[in-house]
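To start, the structure under review is shown below, and the notes come after it.
The values are calculated or read from the model by the stated rules, or taken from the named source; none is laboratory data. On a predicted model such as this, the values are computed, not experimentally measured, just so you know. Every residue, glycine among them, receives a Cβ derived from its backbone with ideal geometry; neighbour counts consider all protein chains shown. Protein only, heavy atoms only, side chains kept; ligands, DNA and RNA dropped before computing areas. Shrake-Rupley method; radii C 1.70, N 1.55, O 1.52, S 1.80 Å.
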Amino acid sequence: MNDHLPDCLTAQHLQLFGAIVQWFARYELLMQEIMAALCGTDAAAVMLLTRRLDFGGKRATLLDLLRQRRIPMDQFDRICAYLLIPHTYAPLRHDVAHSAWTSSQHSGAVQPNWIIGLPSGITPLQDDFNALTETFIERTDMEFNYTIGDLKEIVRILADNHEALSDYIHEVGMVRISRT
């Protein structure tokens, strides 16, 4: 298999990339289950309604629905905080799914290839899609470099946070489904 991998990526990189994508899929499913419970419908109906939304769209929809259903502010704040963790890593998930990767100038790290391919004078920018203004947050090249250790830590953070969110919504009785 390694004969078909780009020089900079190992099977471990690909395994961790896959884990990141899978955790985002699990967050999306959990958000859809919460929406279904809040609407008193089955998850399949919500999945049909939200299937064309990406993670950010599902997150925004859930937060809007929580506000509309007048969920207690402490519960809203906790769920919002839990969803801030994957939201923070959404640009990485996007790069995993939509970018080729190359070796970084930083030892042992890889980065999305689009950083190298930018015309001179263009700085990598990541806009904040959830901001009310159209401001841009400037990011440095270093923010897009990931070692195996970095990727492992990100997968661990996503997994632990997902478990905590799932536990919390079950604890407050928001969702009464069996956990997978």
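Less than 13 Å Cβ to Cβ from residue 78, Lys/Arg counted +1 and Asp/Glu -1: what total charge do the surrounding residues give? Taking every Cβ under 13 Å from that of residue 78, the sum is -4. Neighbours of residue 53, meaning other residues whose beta-carbon lies under 10 angstrom from its beta-carbon, give a summed charge of +2 when Lys and Arg score +1 and Asp and Glu score -1. With all protein chains in place and ligands, DNA and RNA left out, the 1.4 Å accessible area ranks 88, 41 as 88, 41, largest first.
A 1.4 Å probe run over the protein chains yields, for the range 1-109, 57 Å² of accessible area per residue, whole-number rounding. Among 73, 31, the order of accessible area from largest down is 73, 31, computed with a 1.4 Å probe on protein heavy atoms.
How high is the FRET efficiency from residue 41 to residue 12, r the C-beta distance, R0 41 Å, rounded to 0.05? For R0 = 41 Å, the calculated efficiency reads 0.50.
For the range 12-66, the percent of C-alpha pairs falling in each 10 Å distance bin, counted from 0 to the bin holding the largest distance, reads 25, 49, 19, 7, 0. Comparing Cα centroids, the range 26-72 and the range 157-176 end up 15 angstrom apart.
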